[in-house]
Ligand code: F6P
């Protein structure tokens, strides 16, 4: 029987942290390092090819111990077991949450409603591999017999961000003879620019949508069908050779006109933002090939196993989650910056935004009570070193506390002269500067005039994690994504929020559906919105000459 878990702020561990924070907020990283010179070697953890240095955080061993106790008291262990057992932990949608099953080996067992889903997962993976092989080798041709050279993924949210991030991240491993594009926005420009230089006869569209009802995706898919048919002389038979679908909704797929034989299935127990290992990864597999895709899945699986089995104090996702809670709930930090020093990871922060903010942007607990503490931080970031010449000023000298995650690699995928050493020097310099800063005395000692000293002082004490891996391989990318997935899960368990629904996106969708006919109608519509919305709609209708 599981013990009753008290509301977060009444938990013993929480109260202990409140008291501990009264002292901790006065610590400076300079002193913490001076007192424990081996801190930088000790406050580290390693798993699945990722090395985490969390020593530049405003914590001591005792802080970590208290945070771990809070995780234990919050029932994290039971929550992890429940997820891996296939319990319906997505309460508001009455669904299991089993993205971990998507990367499980063939002989594993994951049960949903008493049925092992792993064979189905592998059947879809095999079907994807077979299809990818045929397209990549030129056996699968377009309607006119031409080889497929362009792949356009149409999807949005989880049906876009994972695929585009993975494609960019693993471009080094991709088939360079093929072009990959991603269309997500309902702004027609996205589609027009993605297809303007493509030959329809050589283009394959993957319509990726869990529900196959998403307005943006269906609008883009319809425009794609029109574009294709007008480019190929209007023969509707062409659709079968140029469109495949990734969805849980076979009925809608076939209504759209895609043969369900060319549909790659996934399941309602895969959340959109956790779906890049499912058939939603078809474009990734087409780009990097089935073997690399399996290596990616294996990297995810290594981190899943680490998360499931490692003690919390050595568990990378748990540690990162707890540090996030420490800053978010005790120091009042509002955001977290994710700073990959790897150009291939340029879309990684955008991908993480959906994963973290759709999951943790909640203000009621699982039992519907308003929370009296802060939940999800705002995630943002840009690849280094570009950010250094843009927003880092505020991180170094602004008034806000912004914990940073630096991500870097030992080896460049495309070594070029001194570039990589210079890049890495910058990662190490940034975390060092953030932590230790520059005191007024140090500034004065440089001969800086007194009046200028305050401007040149770096307070330091700005926390960061550094995540290092040997090389950006498919497996390492998988481990990295799973690290953040499980970190989000851990935070959700402690905050006691539903990390797997996203009701917050519904209202806007419903209202937009209501407004579309008001914009399109020939007659001036009777508008019943507020005065601002009514007059914006009228102004827009005037602008478009309605
Ligand atoms: O933005 C809301 C959302 O439901 C996301 O969670 C999801 O990833 C996205 O829309 C796309 O949904 P679908 O795959 O059903 O088109």
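The values are calculated or read from the model by the stated rules, or taken from the named source; none is laboratory data. All figures in this text were calculated on a predicted structure; none of them were measured in a lab. Counting neighbours? That spans all protein chains shown, and the Cβs are built from the backbone with ideal geometry, glycine included.
Which of the residues spanning the stretch 126-141 are assigned to a helix (DSSP H, G or I) and in contact (Cβ under 8 Å) with a residue 60 or more places away in the chain?
127, 128, 129, 131, 132, 133, 135, 136
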Only residues in the stretch 377-400 that are in contact (Cβ under 8 Å) with a residue 60 or more places away in the chain count as the first member; pair them with residues that are part of a helix (DSSP H, G or I) and loosely packed, with under 14 Cβ neighbours inside 10 Å, Cβ under 8 angstrom, at least 6 apart or cross-chain, and list the lot. 400/394
Counted residues, the stretch 1-24 - those being under 25 Å from residue 435 (Cβ atoms) and in contact with a helix residue (DSSP H, G or I) (Cβ under 8 Å, 6 or more places away or on another chain): 5
If you go through 456, 471, the only one that is at pLDDT 95 or above, within 23 Å of the chain's Cα centre (by Cα), away from the ligand (no atom under 16 Å from the Cβ) and surrounded by fewer than 16 Cβ atoms within 10 Å (Cβ to Cβ) is 471
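Return a yes/no flag: does the stretch 308-317 have any residue that is buried (at least 24 other Cβ atoms within 10 Å of the Cβ) and in a helix (DSSP H, G or I).
yes
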Given (1) over 16 Å from the mean Cα position of the chain (by Cα); (2) within 14 Å of the ligand (Cβ to nearest atom); (3) without any contact (Cβ under 8 Å) to a residue 60 or more places away in the chain, identify the lone condition not met by residue 264. (3)
Exactly one condition in (1) in contact with a helix residue (DSSP H, G or I) (Cβ under 6 Å, 6 or more places away or on another chain); (2) surrounded by fewer than 14 Cβ atoms within 10 Å (Cβ to Cβ) is not met by residue 477; state its number. (2)
Looking only at helices (runs of 4 or more DSSP H) that fall completely inside the stretch 16-94, which ones have 2 or more residues that are at pLDDT 95 or above, surrounded by 19 or more Cβ atoms within 10 Å (Cβ to Cβ) and within 27 Å of the chain's Cα centre (by Cα)? 61-73, 76-85
I'm told residue 487 meets every condition in (1) crowded, with 18+ Cβ neighbours inside 10 Å; (2) over 20 Å from the mean Cα position of the chain (by Cα) except one. Can you identify the failing condition by its number? (2)
Output the residues belonging to the stretch 189-206 that are in contact with a helix residue (DSSP H, G or I) (Cβ under 7 Å, 6 or more places away or on another chain) and closer than 28 Å to residue 510 by Cα. 191, 205, 206
Hey, does the stretch 412-421 have a residue that's in contact (Cβ under 8 Å) with a residue 24 or more places away in the chain and away from the ligand (no atom under 16 Å from the Cβ)? yes
Return the residue satisfying two criteria in turn: it lies in the stretch 493-544 and is in contact with a helix residue (DSSP H, G or I) (Cβ under 6 Å, 6 or more places away or on another chain) and outside any helix (DSSP H, G or I), and of such residues it is nearest to residue 367 (Cα to Cα). 498
Members of the stretch 353-367 found to be more than 14 Å from the ligand (Cβ to nearest atom) and either assigned to a helix (DSSP H, G or I) or closer than 19 Å to residue 97 by Cβ (or both), listed by number: 364, 365, 366, 367
Taking the stretch 506-546 and the residues there that are within 16 Å of the ligand (Cβ to nearest atom) and surrounded by 11 or more Cβ atoms within 10 Å (Cβ to Cβ), the one that is farthest from residue 213 (Cα to Cα) would be 511
Residue list for the stretch 207-221, restricted to those being surrounded by fewer than 24 Cβ atoms within 10 Å (Cβ to Cβ) and in contact with a helix residue (DSSP H, G or I) (Cβ under 8 Å, 6 or more places away or on another chain): 211, 213, 214, 215, 218
Among the numbered conditions (1) at positive phi; (2) assigned to a helix (DSSP H, G or I), tell me where residue 293 comes up short. (1)
Can you confirm whether residue 125 is within 18 Å of residue 248 (Cα to Cα) and at pLDDT 95 or above? yes
